[in-house]
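Worksheet: the structure to be examined is printed underneath.
The values are calculated or read from the model by the stated rules, or taken from the named source; none is laboratory data. Here the structure is a predicted model, which is why all the values come from computation and not from measurement. Here the Cβ positions follow ideal geometry from the backbone for every residue, glycine too, while neighbour counts run over all protein chains shown. These area figures cover heavy atoms from the full protein model, side chains too; ligands, DNA and RNA do not enter into them. Shrake-Rupley method; radii C 1.70, N 1.55, O 1.52, S 1.80 Å.
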Amino acid sequence: FVSVHIKVHERDDGTETWTKKLKDYLEMMAPHRKYPFHFTRRDTRGELQIGRQFGPDTKQILRIDGPHAAPAMHYKHYGTVMLIGAGIGMTPCASVLTAMLKYRWRLNFKPEILHFYWVVAHPDVRAFEWFIHRIAELEYELLKQRHSGAVAPRNYAEIHIFVTRPPKDCPNDLSMRSASTITEFSNDAKSDPKPVFTANQLFAEMLYPQTPAANMTAAMEQPKHATNRFQDTWIWNGRPVWSDIFSSVRNQRQHRDIGVCFCGTPFIGKDLAAMCKRFSSVDDDCIFTLHKENF
């Protein structure tokens, strides 16, 4: 099936966006407008079925055109990948994360090393609870695979989440910072290791991130003492310092060619293009190749 997550935008001048029009169109088929609502239809035998094909204007509700190539598709051609998403641009990243941490590494497929960077504005954090839960689930799945030996030691993952525009006043008590409705998962098998962290803990840290992104290099030199680390996931306050990040990846590289797959705003894409050019060197046997999709 296809799962679609669309953020509804409204312009200050009152003109409607296509996302607002789509929301209004779907609400026309839900008279009470109580969320969540589910569509049903009658089949040729008059029996009630889940889902709906045609709207109130008798036109087909959704049509899918594709497939179309996306920059994130190139990740499988590299030994090392820097996967970068900004805001809702993390959507293709979610698919890549799932494929790698849950399936590809078990089959010894490339890439061997994954660096994932997600830049998200603090006001949007609550809208991405589903993705926070996904990260927690994938981290636990990876933990179990490492425990059982299903994933080779050479496979390495880092997940960095940069929360921009967070509130200045942050409560020190973690229990006060957790306000999520996320449903936690549990380890059913007695042989499975216990999760290192919960989705609620990750969500709480994202609501009030404590460690400045500018201190990323120094903080990662002492990972055992880092309070913003959740297994392979790190939470940072502020925007990424791309020069420090590219320098670190370059210095610790295991492969000559490093793929940089990005989906997000053009100004970040411009910075990444400059970083790829700056840190690439044929003489030093290090090439960063950018694949980007701007919106």
(message) Between M100, M90, which is closer than 30 Å to N155 by Cα, in contact (Cβ under 8 Å) with a residue 60 or more places away in the chain and either open to solvent by less than 30 Å² (accessible area, probe 1.4 Å) or assigned to a strand (DSSP E or B) (or both)?
(response) M90
(request) Give T40, T44, T17 a once-over and let me know the one that is open to solvent by 90 Å² or more (accessible area, probe 1.4 Å) and β-branched (V, I, T). (result) T44
(message) I need the helices (runs of 4 or more DSSP H) fully contained in the range 122-226, keeping only those with at least 2 residues that are open to solvent by 20 Å² or more (accessible area, probe 1.4 Å) and at pLDDT below 90.
(response) 174-177
(message) I'm told M73 meets every condition in (1) open to solvent by less than 100 Å² (accessible area, probe 1.4 Å); (2) part of a helix (DSSP H, G or I); (3) within 19 Å of V2 (Cβ to Cβ) except one. Can you identify the failing condition by its number?
(response) (1)
(message) I need every pair where a residue in the range 55-81 that is at pLDDT below 80 has its Cβ under 8 Å from the Cβ of a residue that is open to solvent by 90 Å² or more (accessible area, probe 1.4 Å), sequence separation at least 6 or different chains.
(response) I64/V2; P71/K292
(message) Could you go through the range 137-156 and let me know if any residue there is among the charged types (D, E, K, R) and on the phi > 0 side of the Ramachandran plot.
(response) no
(request) Inspect all residues belonging to the range 239-261 and state whether any of them is within 20 Å of K76 (Cβ to Cβ), open to solvent by 20 Å² or more (accessible area, probe 1.4 Å), touching a His at 6+ places or on another chain (Cβ under 6 Å) and part of a strand (DSSP E or B). (result) no
